[in-house]
Amino acid sequence: MTDSEALNARFALPGHLRFAAGPGGLTVAEIANAAGTARIALHGAHVLAFQPRGARPLLWLSGKSWFAADKPIRGGIPLCWPWFGAHPADPALPAHGFARISPWQVLETQALSDSLTRLRLGLSDTAASRRQWDHAFAASLEVTVGAELTVALTMRNPGAAPYTITAALHTYFAVSDVTQVRVLGFDRCPSIDTVGGARTPGVQTGPVTVHAETDIIFSACPDEAQIEDPAWNRRIRIRKAGSLSAVVWNPWIAKAKRMPDFGDDEYPGMICVETTNAPGDARTVPPGGEHRLQAILSVEPLG
Ligand code: TA6
(Lines give C-alpha, C1' and ligand atoms only; values in the text may rest on other atoms or scores of the structure.)
Protein backbone atom coordinates (compact mmCIF):
# COMPACT_ATOMS: atom_id res chain seq x y z
CA MET A 1 0.00 0.00 0.00
CA THR A 2 1.43 3.40 -0.98
CA ASP A 3 1.61 6.31 1.44
CA SER A 4 -1.24 7.98 -0.42
CA GLU A 5 -3.40 4.86 -0.30
CA ALA A 6 -2.83 4.50 3.45
CA LEU A 7 -3.61 8.18 4.01
CA ASN A 8 -6.71 8.01 1.83
CA ALA A 9 -7.98 5.05 3.83
CA ARG A 10 -7.84 7.18 6.99
CA PHE A 11 -8.29 10.78 5.91
CA ALA A 12 -9.77 11.10 2.40
CA LEU A 13 -12.96 13.20 2.17
CA PRO A 14 -14.99 12.40 -0.97
CA GLY A 15 -15.78 15.57 -2.85
CA HIS A 16 -13.15 17.49 -0.83
CA LEU A 17 -9.75 15.94 -0.26
CA ARG A 18 -7.57 13.07 -1.39
CA PHE A 19 -3.85 12.26 -1.22
CA ALA A 20 -1.76 11.43 -4.27
CA ALA A 21 1.86 11.22 -5.34
CA GLY A 22 2.94 14.63 -6.54
CA PRO A 23 6.09 15.95 -8.19
CA GLY A 24 9.25 14.13 -7.12
CA GLY A 25 7.02 11.45 -5.59
CA LEU A 26 6.16 13.78 -2.72
CA THR A 27 2.78 13.02 -1.13
CA VAL A 28 0.34 15.86 -1.81
CA ALA A 29 -3.11 16.59 -0.42
CA GLU A 30 -5.36 17.61 -3.31
CA ILE A 31 -8.30 19.73 -2.17
CA ALA A 32 -11.21 20.68 -4.41
CA ASN A 33 -14.54 22.03 -3.19
CA ALA A 34 -17.27 24.35 -4.45
CA ALA A 35 -15.18 27.47 -3.70
CA GLY A 36 -11.68 26.57 -4.77
CA THR A 37 -8.78 24.16 -5.12
CA ALA A 38 -5.45 23.75 -3.36
CA ARG A 39 -2.50 21.38 -3.17
CA ILE A 40 -0.41 20.89 -0.04
CA ALA A 41 2.73 18.75 0.11
CA LEU A 42 3.36 16.86 3.37
CA HIS A 43 7.03 17.72 2.78
CA GLY A 44 7.44 20.95 4.71
CA ALA A 45 3.63 21.24 5.11
CA HIS A 46 4.08 23.23 1.95
CA VAL A 47 1.08 24.89 0.30
CA LEU A 48 1.93 24.50 -3.39
CA ALA A 49 -1.16 26.01 -4.98
CA PHE A 50 -4.42 27.80 -4.25
CA GLN A 51 -7.02 28.89 -6.80
CA PRO A 52 -10.45 30.28 -5.96
CA ARG A 53 -13.11 29.16 -8.45
CA GLY A 54 -13.26 31.65 -11.34
CA ALA A 55 -9.94 33.32 -10.47
CA ARG A 56 -6.36 32.88 -11.64
CA PRO A 57 -4.03 30.91 -9.36
CA LEU A 58 -3.09 33.06 -6.37
CA LEU A 59 0.34 31.50 -5.68
CA TRP A 60 3.46 31.24 -7.81
CA LEU A 61 5.56 28.08 -8.09
CA SER A 62 8.88 27.93 -9.90
CA GLY A 63 9.11 25.66 -12.92
CA LYS A 64 12.60 24.85 -11.65
CA SER A 65 11.68 23.98 -8.10
CA TRP A 66 13.25 20.98 -6.43
CA PHE A 67 10.86 18.38 -5.10
CA ALA A 68 13.24 16.42 -2.87
CA ALA A 69 13.13 15.38 0.78
CA ASP A 70 16.27 17.35 1.65
CA LYS A 71 15.44 20.56 -0.21
CA PRO A 72 12.90 23.38 0.12
CA ILE A 73 10.25 23.85 -2.55
CA ARG A 74 10.54 27.15 -4.47
CA GLY A 75 7.24 28.96 -4.44
CA GLY A 76 3.86 28.49 -2.79
CA ILE A 77 4.10 29.08 0.98
CA PRO A 78 7.37 27.84 2.53
CA LEU A 79 7.25 27.61 6.33
CA CYS A 80 10.29 29.34 7.79
CA TRP A 81 10.66 28.04 11.37
CA PRO A 82 12.12 27.99 14.03
CA TRP A 83 14.35 30.69 12.55
CA PHE A 84 13.95 33.14 9.67
CA GLY A 85 16.90 33.66 7.33
CA ALA A 86 20.36 32.34 8.10
CA HIS A 87 20.75 30.68 11.52
CA PRO A 88 21.94 33.44 13.84
CA ALA A 89 24.89 31.43 15.16
CA ASP A 90 25.59 28.55 12.77
CA PRO A 91 25.54 29.28 9.02
CA ALA A 92 25.91 25.55 8.35
CA LEU A 93 22.31 25.02 9.50
CA PRO A 94 19.57 25.25 6.85
CA ALA A 95 18.45 28.77 5.90
CA HIS A 96 14.95 29.54 7.17
CA GLY A 97 14.99 26.64 9.62
CA PHE A 98 14.18 22.94 9.27
CA ALA A 99 10.34 22.98 9.21
CA ARG A 100 10.14 23.45 5.42
CA ILE A 101 12.41 20.45 4.75
CA SER A 102 10.82 18.09 7.29
CA PRO A 103 8.16 15.40 6.80
CA TRP A 104 4.92 16.56 8.43
CA GLN A 105 2.22 14.13 9.56
CA VAL A 106 -1.51 14.31 8.78
CA LEU A 107 -3.42 15.10 11.99
CA GLU A 108 -6.94 15.75 10.75
CA THR A 109 -9.09 16.46 7.68
CA GLN A 110 -12.49 18.13 7.86
CA ALA A 111 -15.23 18.99 5.37
CA LEU A 112 -16.67 22.07 7.09
CA SER A 113 -19.20 22.82 4.33
CA ASP A 114 -19.48 22.16 0.60
CA SER A 115 -17.16 25.14 0.09
CA LEU A 116 -14.76 24.83 3.02
CA THR A 117 -12.18 22.11 3.63
CA ARG A 118 -9.58 21.95 6.40
CA LEU A 119 -6.32 20.02 6.66
CA ARG A 120 -4.15 19.92 9.77
CA LEU A 121 -0.55 18.73 9.66
CA GLY A 122 1.85 18.25 12.58
CA LEU A 123 5.59 18.24 13.33
CA SER A 124 7.27 17.50 16.65
CA ASP A 125 10.85 17.47 17.85
CA THR A 126 13.10 14.56 16.95
CA ALA A 127 16.70 13.67 17.77
CA ALA A 128 17.64 15.26 14.44
CA SER A 129 15.75 18.47 15.16
CA ARG A 130 17.26 18.66 18.66
CA ARG A 131 20.74 18.51 17.20
CA GLN A 132 19.88 21.71 15.33
CA TRP A 133 17.64 23.34 17.93
CA ASP A 134 17.60 21.80 21.38
CA HIS A 135 13.94 22.26 22.29
CA ALA A 136 10.84 20.11 22.57
CA PHE A 137 8.07 21.48 20.37
CA ALA A 138 4.76 20.56 18.77
CA ALA A 139 3.94 22.52 15.64
CA SER A 140 0.78 22.29 13.57
CA LEU A 141 -0.20 23.84 10.29
CA GLU A 142 -3.89 24.34 9.66
CA VAL A 143 -4.88 25.05 6.04
CA THR A 144 -8.50 26.02 5.38
CA VAL A 145 -9.50 26.18 1.73
CA GLY A 146 -12.55 28.06 0.48
CA ALA A 147 -12.99 31.28 -1.48
CA GLU A 148 -10.14 32.44 0.79
CA LEU A 149 -7.10 30.53 2.01
CA THR A 150 -6.31 30.55 5.71
CA VAL A 151 -2.89 29.27 6.78
CA ALA A 152 -2.13 29.11 10.51
CA LEU A 153 1.12 27.88 12.04
CA THR A 154 0.66 27.09 15.73
CA MET A 155 3.78 26.36 17.74
CA ARG A 156 3.47 24.83 21.21
CA ASN A 157 6.07 24.44 23.89
CA PRO A 158 5.65 21.15 25.79
CA GLY A 159 9.08 21.59 27.36
CA ALA A 160 10.16 22.97 30.72
CA ALA A 161 12.02 26.00 29.37
CA PRO A 162 10.86 28.88 27.17
CA TYR A 163 11.97 28.96 23.55
CA THR A 164 12.30 31.91 21.18
CA ILE A 165 11.61 31.75 17.46
CA THR A 166 11.57 33.85 14.33
CA ALA A 167 9.34 32.61 11.51
CA ALA A 168 7.60 33.35 8.23
CA LEU A 169 4.76 32.21 6.05
CA HIS A 170 7.01 32.99 3.08
CA THR A 171 4.24 33.40 0.51
CA TYR A 172 5.03 33.67 -3.22
CA PHE A 173 2.21 35.44 -5.08
CA ALA A 174 1.65 35.16 -8.84
CA VAL A 175 1.55 38.56 -10.58
CA SER A 176 1.24 39.72 -14.18
CA ASP A 177 4.48 41.73 -14.09
CA VAL A 178 6.21 42.62 -10.84
CA THR A 179 7.21 46.04 -12.25
CA GLN A 180 3.52 46.87 -12.75
CA VAL A 181 2.15 45.99 -9.32
CA ARG A 182 1.95 48.03 -6.11
CA VAL A 183 2.07 46.66 -2.57
CA LEU A 184 0.06 48.71 -0.10
CA GLY A 185 -0.08 48.55 3.67
CA PHE A 186 3.43 49.59 4.64
CA ASP A 187 3.18 53.35 4.32
CA ARG A 188 5.16 55.02 7.14
CA CYS A 189 6.37 51.65 8.44
CA PRO A 190 9.97 51.39 9.66
CA SER A 191 11.95 49.31 7.16
CA ILE A 192 15.28 47.53 6.86
CA ASP A 193 16.61 47.03 3.34
CA THR A 194 18.61 43.79 3.38
CA VAL A 195 19.64 43.60 -0.28
CA GLY A 196 23.20 42.36 -0.62
CA GLY A 197 23.46 41.55 3.06
CA ALA A 198 23.05 45.19 4.08
CA ARG A 199 20.76 46.36 6.87
CA THR A 200 19.82 49.86 5.76
CA PRO A 201 17.12 51.40 7.95
CA GLY A 202 14.41 53.60 6.51
CA VAL A 203 10.70 54.46 6.57
CA GLN A 204 8.41 53.41 3.76
CA THR A 205 6.63 56.14 1.84
CA GLY A 206 3.51 55.05 -0.03
CA PRO A 207 3.17 51.77 -1.96
CA VAL A 208 6.12 49.39 -2.40
CA THR A 209 7.08 48.98 -6.05
CA VAL A 210 9.76 46.71 -7.54
CA HIS A 211 12.25 47.85 -10.16
CA ALA A 212 15.37 46.09 -8.86
CA GLU A 213 16.27 43.38 -6.35
CA THR A 214 13.98 44.02 -3.40
CA ASP A 215 14.34 42.53 0.08
CA ILE A 216 12.77 44.68 2.78
CA ILE A 217 11.75 43.84 6.34
CA PHE A 218 8.91 46.02 7.60
CA SER A 219 8.10 46.37 11.29
CA ALA A 220 5.17 47.80 13.24
CA CYS A 221 3.01 47.27 10.16
CA PRO A 222 -0.78 46.97 10.07
CA ASP A 223 -2.52 43.61 9.86
CA GLU A 224 -3.44 43.94 6.20
CA ALA A 225 -1.37 44.33 3.06
CA GLN A 226 -2.63 44.39 -0.52
CA ILE A 227 -1.11 43.66 -3.91
CA GLU A 228 -2.72 45.68 -6.71
CA ASP A 229 -2.27 44.09 -10.13
CA PRO A 230 -3.94 46.26 -12.81
CA ALA A 231 -3.00 44.04 -15.76
CA TRP A 232 -4.85 41.12 -14.17
CA ASN A 233 -7.52 43.47 -12.72
CA ARG A 234 -7.07 42.03 -9.25
CA ARG A 235 -6.31 42.97 -5.70
CA ILE A 236 -4.83 40.31 -3.41
CA ARG A 237 -5.48 40.89 0.28
CA ILE A 238 -3.14 39.46 2.93
CA ARG A 239 -4.60 39.68 6.43
CA LYS A 240 -2.25 38.57 9.19
CA ALA A 241 -2.45 37.73 12.88
CA GLY A 242 0.30 36.95 15.37
CA SER A 243 2.73 39.13 13.45
CA LEU A 244 3.96 42.72 13.66
CA SER A 245 6.37 42.43 10.72
CA ALA A 246 6.44 41.52 7.04
CA VAL A 247 8.92 41.04 4.22
CA VAL A 248 8.62 42.02 0.56
CA TRP A 249 11.03 40.18 -1.73
CA ASN A 250 11.83 39.83 -5.40
CA PRO A 251 15.26 38.48 -6.42
CA TRP A 252 15.33 40.39 -9.72
CA ILE A 253 17.80 39.39 -12.46
CA ALA A 254 21.18 38.57 -10.93
CA LYS A 255 19.93 36.75 -7.83
CA ALA A 256 17.38 34.78 -9.87
CA LYS A 257 20.25 33.61 -12.09
CA ARG A 258 22.22 32.51 -9.00
CA MET A 259 19.41 30.27 -7.78
CA PRO A 260 19.33 26.88 -9.56
CA ASP A 261 15.72 26.29 -8.47
CA PHE A 262 14.54 29.63 -9.87
CA GLY A 263 14.26 30.16 -13.63
CA ASP A 264 16.31 33.05 -14.99
CA ASP A 265 13.20 34.56 -16.61
CA GLU A 266 10.74 33.86 -13.80
CA TYR A 267 11.28 36.86 -11.52
CA PRO A 268 8.74 39.17 -13.27
CA GLY A 269 5.92 36.75 -12.46
CA MET A 270 6.20 36.69 -8.68
CA ILE A 271 6.42 38.75 -5.53
CA CYS A 272 6.81 37.56 -1.97
CA VAL A 273 4.75 39.38 0.66
CA GLU A 274 5.61 37.38 3.73
CA THR A 275 3.72 37.18 7.00
CA THR A 276 6.52 37.06 9.54
CA ASN A 277 7.88 37.09 13.01
CA ALA A 278 11.04 38.52 11.51
CA PRO A 279 14.14 39.37 13.56
CA GLY A 280 12.97 42.24 15.73
CA ASP A 281 9.54 40.57 16.00
CA ALA A 282 10.81 37.32 17.56
CA ARG A 283 8.39 35.47 19.83
CA THR A 284 9.13 33.65 23.06
CA VAL A 285 6.85 30.71 23.85
CA PRO A 286 6.74 29.84 27.56
CA PRO A 287 6.52 26.27 28.86
CA GLY A 288 3.00 25.03 28.18
CA GLY A 289 2.31 28.04 25.96
CA GLU A 290 1.81 28.54 22.25
CA HIS A 291 2.07 31.14 19.49
CA ARG A 292 -0.02 31.26 16.29
CA LEU A 293 1.12 32.93 13.09
CA GLN A 294 -1.72 33.26 10.57
CA ALA A 295 -2.39 34.66 7.12
CA ILE A 296 -5.71 34.87 5.30
CA LEU A 297 -5.30 35.28 1.54
CA SER A 298 -8.10 36.47 -0.73
CA VAL A 299 -8.51 38.04 -4.17
CA GLU A 300 -11.03 40.45 -5.66
CA PRO A 301 -11.43 42.52 -8.85
CA LEU A 302 -9.56 45.84 -8.76
CA GLY A 303 -12.30 47.77 -10.53
O1 TA6 B 1 12.42 36.50 2.71
C2 TA6 B 1 13.41 37.00 1.88
C3 TA6 B 1 14.59 36.04 1.92
O4 TA6 B 1 15.14 35.95 3.20
C5 TA6 B 1 15.59 36.54 0.88
O6 TA6 B 1 16.72 37.12 1.50
C7 TA6 B 1 15.91 35.28 0.07
O8 TA6 B 1 17.00 34.61 0.64
C9 TA6 B 1 14.60 34.54 0.18
O10 TA6 B 1 14.20 34.72 1.53
C11 TA6 B 1 14.62 33.10 -0.24
O12 TA6 B 1 15.38 32.33 0.65
P13 TA6 B 1 15.59 30.78 0.26
O14 TA6 B 1 16.40 30.19 1.39
O15 TA6 B 1 14.23 30.16 0.14
O16 TA6 B 1 16.30 30.78 -1.07
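A simple spin-label model places the labels of V203 and I253 3.4 nm from each other, with each point 7 Å out along Cα-to-Cβ. Restricting attention to the chain, lysine pairs at least eight places apart or on different chains and with alpha-carbon atoms under 22 angstrom apart total 4. Computed on the Cα atoms alone, the convex hull of the chain gives a volume of 129 cubic angstrom per residue. Taking a ≥ b ≥ c as the square roots of the Cα gyration tensor eigenvalues, segment 1-43 comes out oblate, since a/c reaches at least 1.5 and a/b does not exceed b/c. Counted without the sites themselves, the longest stretch of the chain free of trypsin sites (Lys or Arg not before Pro) in a DSSP loop having at most 15 other beta carbon atoms within 10 Å is 65-187. With a 1.4 Å probe rolled over the protein heavy atoms of all chains, the accessible area of V175, V195 falls in the order V195, V175, largest first. Estimated from helices alone, the mean residue ellipticity of the chain at 222 nm is -2000 deg cm²/dmol (sum of -39500 (n - 2.57) over DSSP H runs with n ≥ 4, per residue). Can you tell me which of A138, A174, A89 moves the most in a GNM of the chain? Springs connect C-alpha atoms under 10 Å apart. Comparing A138, A174, A89 in the GNM, the peak value goes to A89.
The residues of the chain present an accessible area of 41 Å² per residue when probed at 1.4 Å with all protein chains retained. With a ≥ b ≥ c taken as the square roots of the eigenvalues of the C-alpha gyration tensor of segment 227-303, please select rounded if a/c is under 1.5 and otherwise prolate if a/b is larger than b/c or oblate if it is not? It is oblate, given that a/c is not under 1.5 and a/b is not larger than b/c. Estimated at 0.36 nm per residue, the fully extended path between M1 and S115 surpasses their Cα-Cα distance by 38.0 nm.
Could you tell me whether segment 59-172 comes out rounded, prolate or oblate from its Cα gyration tensor? Rule is a ≥ b ≥ c as square roots of the eigenvalues, rounded for a/c under 1.5, then prolate if a/b exceeds b/c, otherwise oblate.
Taking the square roots of the gyration eigenvalues as a ≥ b ≥ c, segment 59-172 is oblate.
The values are calculated or read from the model by the stated rules, or taken from the named source; none is laboratory data. Computed from a predicted structure; not experimentally measured. So basically every Cβ, Gly included, is an ideal-geometry build from the backbone, and we count neighbours across all protein chains shown. These area figures cover heavy atoms from the full protein model, side chains too; ligands, DNA and RNA do not enter into them. Shrake-Rupley method; radii C 1.70, N 1.55, O 1.52, S 1.80 Å.
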